[in-house]
1. Going by a ≥ b ≥ c, the root eigenvalues of the Cα gyration tensor, does the stretch 26-159 fall in the rounded group (a/c under 1.5), the prolate group (a/b larger than b/c) or the oblate group?
2. Would you please give the FRET efficiency between ASN264 and GLN121, computed as 1/(1 + (r/R0)^6) with r the Cβ-Cβ distance and R0 = 45 Å, to the nearest 0.05?
3. Cut-off is 10 Å between beta-carbons; in what order do CYS178, CYS199, CYS60 appear when sorted fewest neighbours first?
4. Calculate, for LEU204 and GLU88, the FRET efficiency according to 1/(1 + (r/R0)^6) with r their C-beta to C-beta distance and R0 30 Å; round to the nearest 0.05.
5. Treating only the Cβ of Lys, Arg, Asp and Glu as charged (+1, +1, -1, -1), what charge dipole size does the chain show about its Cα centre? Round to the nearest 20 debye.
6. How much net charge surrounds ALA76 when only the other residues with a Cβ under 15 Å from the Cβ of ALA76 are counted, with Lys and Arg +1 and Asp and Glu -1?
7. Please report the antiparallel percentage of the DSSP beta bridges confined to the chain, to the nearest 5.
8. Provide the gained length on full extension for the span ILE230 to ARG57, in nm with one decimal, where the gain is 0.36 nm per separating residue minus the Cα-Cα distance.
Amino acid sequence: MGFSLPIFDYTFTNYLLMLLRSTPPVRQFIGSEVKTPYERAKVAILPIPYEATTTYRQGCERGPNALLEASDQLEAYDEELKRETCFEVGIYTHPPIADTRCDRSIASEQMLQVTAQTVSQLSADNKFVIALGGEHSITAGVVRAYQQLMSEPFTVVQIDAHGDMRYEYEGSIYNHACVMRRVLEMGLPTLPVGIRSICKEEALLIEEKQIPVIWARDIATQPDWIETAIARIATPKVFITIDLDGIDPSSMPGVGTPEPGGLNWYALLAFLRRVFETREVIGCDLMELAPVVDSVVSQFTAAKLVYKLIGYQALSQGFLCR
């Protein structure tokens, strides 16, 4: 049975509007000096500080704001792309939605609905959306929006330490540990990258569905893993979801469920750039940043990663001079 978002009545529609409007605006990504009016922006940053099913380290609802605050410290000049990306690409930062810092009563179904609606509107306005979580369950709403908008299938490239393919966890099918199962139920192909922790249920599903996992151990031992991964993407278009625990915790300690091993910074960038070069990336999200007290390493690294995603998309779409 395929996964579908629930349909709600007029009262719930009003509640969705409240979710969109009730929280204060956040700071602009990479600073107010590069703020672009919505109409001229090519990129939209969408903070979704939602946390309800965290099972280990809590705090991912604080991730989007910490990332945006850290982005003030980024250099505008990208030494790899040799451009001041932010001045060549308009970046708009949307007010936060589904903010559990302000309202603990927001249910997962409600979050998914408002997420899908907001991403649909931004995409319909020709924005390249990068959603910032928040817990990884948010991704189901983001992906659903693109599926409803697209007339053809696309592959969801998942950078993650965990399979996230359980049918349900702790009594909920909307748990962060189930998000990729919900994506699979949408009938979309996936490419999990950096996986190094799964349960038996997920192992059996991977074998049954022949899911082309790029294991973390393969990344560590096979020099040609990037081209192997690219060859396993079966569609011209992709969506990229990044759970930050896919990165080695020595570089990214501020996550909810850290796992030893994982991608290092330059391997991650090399893979992402190759995806943008060989496929049409329709959108991205970056999830599970849970800031560590007295350390800015994780949020600054996450902010720089978002800036890299913007740069790679801009280069692939001709927004930047090559």
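FYI, it's all coordinate maths here, none of it is from the lab. Computed from a prediction, not measured in an experiment: that's the story for all the values here. Cβ atoms come from the backbone with ideal geometry, glycine included; neighbour counts cover every protein chain shown.
1. It is oblate, given that a/c is not under 1.5 and a/b is not larger than b/c.
2. Given R0 = 45 Å and the Cβ-Cβ separation, E is 0.80.
3. CYS199, CYS178, CYS60
4. Efficiency for this residue pair is about 0.05.
5. That gives the chain a dipole magnitude of about 520 debye.
6. Local charge sum for ALA76: -3.
7. 10 percent
8. Roughly 59.0 nm would be gained on extension.
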